[in-house]
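Taking it in order: structure first as structure tokens, then the write-up.
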Amino acid sequence: MNRISYPGLMPLLFLLGVALPTVSFSAELNLAVANSTCTAIRQVGEKYEQRTGIHINYVCKSSGRLAKGLNGKTIQADIYISANKKWMNYMIEHGLVDASHVTIPWGNELVVAAPASSPLQMESWQDLAGADIKTILLGDPGTAPFGRYAKEALQHTGLWDSVRIRVVTKKHITLLAETLANADPDTVGILFKSNITEEHKVLFLVDASWHSPIRYFMGPVGNAAENPAVLDLLTFIQEQESSDIFRASGFKVDVE
Amino acid sequence: MRLRSLRLLEQFIVPMIIVGVIALLTTIYSAMVLQKSINALGDLQEYGDQRLRVIENIENTLSNFRALSLRHLASESAVAMRDISVEIGDTDKKLQEYFERITTELMDVRPESLEETQAVILMTRGYVDEFNKLLLLSADFEKEQAFIHMTRAEDRYLSSINSSLQALKRNEFEDLSSLRTSLTSAVERNLTTTLAIGLSGGMVILGIAFLVTRRITKRLERLLHWSKLVSSGHLSASLEADSHDEVGLLTSSMHDMARNIHNAQKELTNAKHRAEIAAEELRIYAKAFDNSGQAMLISDKNNSIINVNSAFTRDTGYELKDVLGKNPKVLSSDQTPKETYRELWQDLEEHGFWQGELWDKKKDGSMYPKWATISAIRGESDELLFYMSSFTDISERKETEKRIEHLAHHDILTGLLNRFSMESQLDQAISIANREKQKLAVLFIDLDRFKDINDSLGHHAGDKLLIKVAKRLKLCVRDSDVVARIGGDEFVVVSTGLRDNSHAAVLAEKILARISMPYDITGNEVTISPSIGVSVYPEDGQTVDDLMRTADVAMYHSKDMGRNTYQYFTESMLQAANKRISIERELRAALVKEQLILHYQPQFSSNDLNVVSLEALVRWNHPEQGIIPPDLFITIAEESGIIHELGKWVFDEAIRQFGKWKSSGLINGSVAINLSAKQLLSKSLADDLRRIMHVHGVDGRDIELEITETAAMHDPERAIEQLNELRDLGVSLAIDDFGTGYSSLAYLKRLPIQTLKLDRSFVRDIETDPNDAEICLATIALAHNLGLKVVAEGVETAAQRDFLTRHHCDFLQGYLFSRPLPPEGLDHFLNARRSA
């Protein structure tokens, strides 16, 4: 694993060659992470920086937009974390991540939430189709996995067609969480439990059997798989200390 | 018998009136038929018009449908999508309506395009169906899938629909013109019918005339037979008048005449005999004189002409009767110098003989040179009897001499004047104009893209075209005007004796129209247009050189105005031309003297408003004029080729400066450099960039190159190849001033780019123009779907910033954040941000 193959060496030498005259080489790692993990992974990253002195940059977007950006070379990263399998598969299909390096470190749960001040109550899942709720905020199912899971749940329970007209989508989860916090009282949102803040009030926990299991997929991007620093960080993210941070943020950590 | 006693006039007129009336009535009837067919064809034309309008409506509705669909796709709210769907449904319905109209109501008129129309309808229905399917996906919040479907549907249908619609339109236009043609031919046909009726009426009249005449002729024949008898001497042959019409009267008066002739005959025979004897004598002299091949003239001692021979008549056109008794002076022109005549008389006086060249006039007034030999013939006692002159026309020899002269002054190919004689004639014309207080105009004419014709059809065809152009030019001007070809495809017309300047405009218009008409060059139809520059004496110059130069400048201005036009010279043109030349010269010097500088405008991430990139913008720090913006010199740099040198300098300077900032930790993004269309075609571009990056130790990932959409579209294959080479260096690529053209989407997918720059013109009106706002949204959505980032240019207000941020535009650039700053200014800016 630590052996550096010859073709991989060439671009590395080239980069070093042109960079050396003015810029001193400093270790830096770039992470492209699903929005929902952004806060937690930054906490983990800080710990890692303190420990190793290696600086970490973060790009937080929806899993789909990250995958497309990495493929279109508009985003450069050493590690990619997706909130569903689809977009990790997309990376593997495009030769950006080697399937053998992919790990599944966490899981998550979906909740229905309202602004903290909202008087809304939910007795059952079917209340989503009731008269009290005017707007349902979802993630864009195309690129934001939490939206896909939510749609699956609504379809599984036969509710999708009756609530579809109330749906408004958001590009990624932090945007949805913010919008929801400042929304009208008759607005609810379906989002990951890990993204709930004090500005939200959880109304309902979505049954995990209604949608495909919520799993995060992590892997090194391209040549980064041969970078010892990257491998070290990947290991660190899965150590107990990191798992504790994720658990505290609302993630499920003992998954497989 | 009864008819015969009528007068001849009456025998003719009655039947002719009858036939004439019939023919007239028939003609009126056929004119009415003609009117009807004209009306019918007029109706057809109106239908054609309507169809054209329907096709245009289809086009508009389709583009509306597409815009609405894009809005649907970009929408995040189910309610909003429902509203848009209603609008889409309406558009869809409208489209169906147009299709029905074009197939049922109007198709009767033009069944042959049914197939094409149905193909368009089928394709469009296919396109609309695909869209309706993807709109279902969109409504189901499967935007990702919907976008993929849309890209596919556009690839599959859009360009063929557009070209089919264009073809239909073209057909309609052709239809209209063929309708016009059939209208004309219908008129012609009816006209022919009318003519035929008229003609056959005429024929009938002629027939009647023939019959009547034939009867008369028979009687006249009898008369003729009788007159033959009379003329052969039977003057007493009998003849009887058989009727009282004109023929009868003639018969009786001829009978009287025969008698009189008989009496005169004897007298005549005698006279004839006498004349023949006299003529015999004369004939002997005349033969000797006449048979001489050389023109001869005899004048008496008083120098009055007494005879000339047939060679004289042949050469001069004068017959003897024209000149008999006249002094030979009548033959002379005033071209022969007086001294020649003095010498002639002196020689005749002293030696009785002279020979030399005289310039005489022919009867038709034309002058010609002749070689004359004159002898004074004297009698035995030396008294002068007469003068005998003989001469030869030497104009042919003169002609050859003149031809050599012509070649020296004319263009061999076209026969027009050459530059040398044009200039000398212009010089003379200037003197005349000066003396007469008149104006004159110089028109400098250059054929647009003549080289293309030479290249595509060969020099031979090019020469033929020049000859034809020269002929047409000749037809445009007055005889007194000068037309010259002064080289290649350049012509000059000098129009003299003008009272005001407007005449030159009329002439230029005429030349534009004539020259621009198509030419047939060995079976190919060729069209060419001229660009004309006009200068007027005395305002625009008082010497040949000045007038030619100002006309030349005006001609170049015409080229700049888009060719196929004319321009009067103005002082400002000269200033512009001089300024351009001086800018070009100064710009070359500026590169050496390091007067060019770069300003940098930061781009900001819309999320956290961090600086992510610096766009390098070139400025010219002119020692006298201060800072000159790039739009005033980049075009000149491109046209003069300086752009390559300048582009390299910009690369070097921007990358050097950026490397400095990066290593000092002031900035952590990239530098964006603009690439001109010319640079994009340069073969050494990638190598140059690689070398410069290496020198300053800057990585490809830190560099972004911006090209305009038009530059990339100019030669797409070459652009893709070049851009891929640049991508291999690790640099990222952006499309500048991106708009939403139909062709863009499919093409965009092939370009190895990472960023779209939303043109400032869309950004400017985001708040006020819903269309521009929609274009921004759709562009952002499209770009994101293709995995591209979007930079909005020209962000000037907080409202624009908020709108763009709300709709996930990735980066923002504009005066709201920072104007382009000089390096030291940017230092301050970055430091201030860092400490804040």
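The values are calculated or read from the model by the stated rules, or taken from the named source; none is laboratory data. All values reported here derive from a predicted model rather than from experimental measurement. Because the Cβ atoms are built from the backbone with ideal geometry, glycine has one as well, and the counts that use them run over all protein chains shown. Note: areas computed on protein heavy atoms with side chains; ligands, DNA, RNA excluded. Shrake-Rupley method; radii C 1.70, N 1.55, O 1.52, S 1.80 Å.
Each of B:S310, B:S159 has its accessible area taken with a 1.4 Å probe; listed largest first, they run B:S159, B:S310.
Only protein heavy atoms count here; under a 1.4 Å probe, B:H644 has an accessible surface of about 70 Å².
Given all pairs of different Cα atoms, what value in angstroms does the Kirkwood hydrodynamic radius of region B:581-835 take? If you can, show how the numbers build up before the last one.
Working: mean 1/r = 0.0531 Å⁻¹.
Here the Kirkwood hydrodynamic radius works out to 18.8 Å.
Among B:A783, B:V618, B:A67, flag the residue with its Cα farthest along the positive direction of the charge dipole of the protein assembly as shown, charges on Cβ as +1 for Lys/Arg and -1 for Asp/Glu. Checked the options; the winner is B:A67. Using every pair of separate Cα atoms, the Kirkwood estimate puts the hydrodynamic radius of chain B at 38.4 angstrom.
Comparing A:W87, A:W210, A:W106 in a Gaussian network model of chain A where C-alpha atoms under 10 Å apart are linked, the largest mean-square fluctuation is found at A:W210.
For region B:311-325, putting each phi into the Karplus relation 6.51 cos²θ - 1.76 cosθ + 1.60 with θ = phi - 60° gives couplings of 5, 4, 4, 4, 6, 9, x, 7, 9, 4, 4, 6, 10, 4, x Hz, in residue order, rounded to whole numbers and with x for Gly and Pro.
Comparing the full protein assembly with the isolated chain (1.4 Å probe, heavy atoms, ligands and nucleic acids excluded), the residues of region B:140-186 losing at least 30 square angstrom of accessible area are B:D140, B:F141, B:E142, B:E144.
Only Cα sites of region A:27-112 enter the Debye sum here, all with the same form factor; the resulting log10 I(q)/I(0) across q = 0.18, 0.26 1/Å is -0.80, -1.37, listed in q order. Spatial offset of region B:747-771 relative to region A:185-203 amounts to 35 Å, using the alpha carbon center of each. Mean silhouette area of region B:292-399, derived from the convex hull of its C-alpha atoms and averaged over all directions, reads 6.8 nm².
Taken about its Cα centre, the protein assembly as shown carries a charge dipole of about 2400 debye when Lys and Arg each add +1 at the Cβ and Asp and Glu each add -1 at the Cβ.
With every protein chain present, what is the per residue accessible area of chain A (1.4 Å probe, Å²)?
On the way: 11410 Å² over 256 residues.
The answer is 45 Å² per residue.
Rolling a 1.4 Å probe across all protein chains gives B:R833 an accessible area of roughly 100 Å².
Note that region B:292-399 presents 58 Å² accessible area per residue, ligands and nucleic acids not counted, probe 1.4 Å.
For the protein assembly as shown, pairs of C-alpha atoms spaced more than 46 angstrom apart make up 62 percent of the total. Taking amide hydrogens as placed 1.01 Å from N in the peptide plane, the amide H of B:Q603 sits under 5 Å from those of B:V612, B:S613, B:L614, B:E615, each at least 5 positions away in sequence or on another chain.
Where does region B:9-211 land on Rg/Rh, using Cα atoms and the Kirkwood Rh? Across region B:9-211, the Cα-based Rg/Rh ratio is 1.38.
For the set A:F204, B:F738, B:F420, B:F386, solvent exposure ranked by accessible area (probe 1.4 Å, protein chains only) runs largest to smallest as B:F420, B:F386, A:F204, B:F738. Remark: region B:513-527, residue by residue, has Karplus-estimated 3J(HN,Hα) of 5, 5, 5, 7, 5, x, 10, 9, 10, 6, x, 9, 8, 10, 10 Hz, where x stands for each Gly or Pro and the curve is 6.51 cos²θ - 1.76 cosθ + 1.60 at θ = phi - 60°. Of all lysines in the structure, the ones whose alpha carbon falls short of 21 Å from that of B:K471, not counting any fewer than 8 places away in one chain, are B:K451, B:K510.
Legend: mean number of C-beta atoms from other chains within 10 angstrom of residue C-beta atoms, peptide A:131-137, equals 1.
Across peptide A:55-62, the average count of Cβ atoms from other chains found within 10 Å of a residue's Cβ is 1. Of B:R219, B:R189, A:R42, A:R215, the residue with the largest accessible area leads and the full order is B:R189, A:R42, A:R215, B:R219 (1.4 Å probe).
A quarter of the convex hull surface defined by the alpha-carbon atoms of region B:412-569 gives 8.4 nm² as the mean projection. Based on alpha-carbon atoms, the Kirkwood radius and the radius of gyration of region B:493-638 give Rg/Rh equal to 1.20. Each Cα pair under 8 Å and six or more residues apart adds its separation to the average, and for region B:581-835 the resulting relative contact order is 18 percent. Residue by residue along B:74-81, Cβ atoms of other protein chains within 10 Å of the local Cβ number 5 on average. Give the aspartates and glutamates whose C-alpha is closer than 18 Å to that of B:K169, dropping any in the same chain fewer than 8 places away, or say none. The reachable aspartates and glutamates, counting only those whose Cα sits under 18 Å from B:K169, are B:E46, B:D49, B:E56, B:E59, B:E100, B:E105, B:D108, B:E112, B:E115, B:E116.
The figure for B:T708 is an accessible area of roughly 40 square angstrom, using a 1.4 Å probe on the protein chains alone. Taking amide H as placed 1.01 Å from N in the peptide plane, the amide H of A:K201 sits under 5 Å from that of A:A114, A:A116, each at least 5 places away or on another chain. Give me the base-10 log of I(q)/I(0) for chain A at each q in 0.08, 0.13, 0.15 Å⁻¹, Debye formula, one uniform scatterer per Cα, rounded to two decimals. Log10 I(q)/I(0), no solvent term: -0.35, -0.82, -1.03. Both radii come from the Cα set of region A:99-205: Rg as radius of gyration, Rh as Kirkwood radius; their ratio Rg/Rh reads 0.98.
Dipole size of region A:110-210 about its Cα centre, with +1 on Lys/Arg Cβ and -1 on Asp/Glu Cβ: approximately 300 debye, rounded to the nearest 20. Placing +1 on the Cβ of every Lys and Arg and -1 on the Cβ of every Asp and Glu, with no other charges, gives chain B a dipole of roughly 2620 debye about its Cα centre.
The amide H of A:L137, built 1.01 Å from its N in the peptide plane, has A:V168, A:V188, A:G189, A:I190 as neighbours under 5 Å, considering only residues 5 or more places off or on other chains. Bridgeable lysines around B:K683 (alpha carbons under 21 Å apart, same-chain partners fewer than 8 residues away excluded): B:K648. Protection proxy ranking, highest mean first, for peptides B:599-605, B:130-136: B:599-605, B:130-136, where packing is the per-residue count of other beta-carbon atoms within 10 Å, averaged.
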